[in-house]
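Everything on this sheet refers to the single structure shown next.
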Amino acid sequence: MIFKVVKGMFMYDEIFNNFENDILIKDEIHFLLESDDCSLLFKKSNEIREKYIGNEIHLRGIIEFSNYCKRQCLYCGIQSQNSKIKRYRMEKNEIIETAVNSKYKTIVLQSGEDNYYTDNMICEIVKEITKKGFVVTLSIGEKSYEQLEKYRLAGARRYLLKHETSDVNLYGTLNPRMSFEQRITCQNNLKSLNYEVGSGIMIGLPLQTLESIANDIMFFRKMDYDMIGISPFIPHPDTVLAKSDITSLDLVKKVVAITRIITKTANLPVTTAFSTLGKDKFKESPYLSMLKVGANVIMPNITPLKYKMNYELYPDKSKNTTDNIEKDIKSIKRVISDNYGFRVKI
Ligand code: SAH
């Protein structure tokens, strides 16, 4: 297919024909990211969501069980060098209790990279929770193949490890002493261990270009992730990136919409960062605005109140609420799923 970037309705039409034929290419993605009028894009992505996913929305309860972290990711509020936050760890039994008392069927256990929790502890926690019929997602950073294998054998079914950007140089700048290659190796190990693999990126990172975001979307397709979280980057005041610009939420929505069209059945959560930033910007709950352009998962925070406010990856994170979720979801004619929400592969 020959494609020339000419801005105008004609090109728009051609792009959407290509969508139908599943041959969207990088220049076309770039064009859509640049374009001011997103109405057709959002309409298409919603149609694709309806066709491949249906109206079900999956709720996953997330427990942020420790904010200790050995890493120094430049964007992150809980990175080890931030001495201003109050650090906490939940004990094993408290984590298990919080999970098994939850009304959600799938539980995400997230933390900084905290070596306090031994593999045995993680395995015991996973075992106790899965024993009660919950599906567990781990999101505890990079681990070796052997460690991931232990957690899988203990019953963990999913793992969330975002690579944040597919631009190797930007990744290296933002994540000192970490390597992009290592991150992707870890994701590939998860795949070979038969986990459902979640990844994702941030939008609006310093030095990130639209071309780089178009590459990110192409990379999603190549990696065939089961879940993809697309968040705005929100500068944290106690990090070196404190003075960075804040990105447009429309751009974040566009990335979600294109990702839906390209991946068809991947689980796409409304990221908490999107809801946090959108709090005063939309007439409706921000997560509704994201659900309407292709998202199909929400992750209500079930971290006990006394810890929640200290898991400050970015400002105001803990102020988010999903209190009216059931009513809100009904208002857009969608339904809360009563199954585990595994990704259907086509
Ligand atoms: N340590 C684990 C999980 C905790 S961090 C890991 O690295 O996988 C969870 C996610 O928070 C990160 O993947 C990142 O995408 C997001 N995050 C961190 N700081 C952020 C910020 N300032 N704005 C938006 N999202 C942020």
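Every number here is computed from the coordinates shown, using simple stated rules; none is lab data. Given the structure is predicted, the values throughout are model-derived calculations rather than measurements. Don't worry about glycine lacking a Cβ; one is built from the backbone with ideal geometry, like all the others, and counts go over all protein chains shown.
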Within region 260-279, residues within 12 Å of the ligand (Cβ to nearest atom) and aliphatic (A, V, I, L, M) come out as 273, 277
Inside region 38-76, the number of residues satisfying the requirement of being in contact (Cβ under 8 Å) with a residue 24 or more places away in the chain, assigned to a loop (DSSP other than H, G, I, E, B) and more than 12 Å from the ligand (Cβ to nearest atom) is 3
Residue hits (region 52-88; surrounded by fewer than 17 Cβ atoms within 10 Å (Cβ to Cβ) and among the charged types (D, E, K, R)) are 56, 70, 84, 86, 87
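Here are 267, 324: which of them is of a type in the set (S, T, N, Q) and farther than 20 Å from residue 54 by Cα?
Details: 267 fails: farther than 20 Å from residue 54 by Cα.
Of the residues listed, the single one that is of a type in the set (S, T, N, Q) and farther than 20 Å from residue 54 by Cα is 324.
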For region 111-139 the number of residues that are surrounded by fewer than 21 Cβ atoms within 10 Å (Cβ to Cβ), under 23 Å from the mean Cα position of the chain (by Cα) and either without any contact (Cβ under 8 Å) to a residue 24 or more places away in the chain or within 16 Å of the ligand (Cβ to nearest atom) (or both) is 3
Among residues of region 144-160 being buried (at least 17 other Cβ atoms within 10 Å of the Cβ) and among the hydrophobic types (A, V, I, L, M, F, W, C), the residue farthest from the ligand (Cβ to nearest atom) is 154
Scanning region 161-197 for residues that are of a type in the set (Val, Ile, Thr), within 14 Å of the ligand (Cβ to nearest atom) and farther than 15 Å from residue 226 by Cβ gives 165, 184
So, first residue closer than 21 Å to residue 279 by Cβ in region 222-241, second residue basic (Lys, Arg) and within 12 Å of the ligand (Cβ to nearest atom), Cβ within less than 9 Å, six or more apart or across chains; the pairs are 229/162; 231/162; 234/317
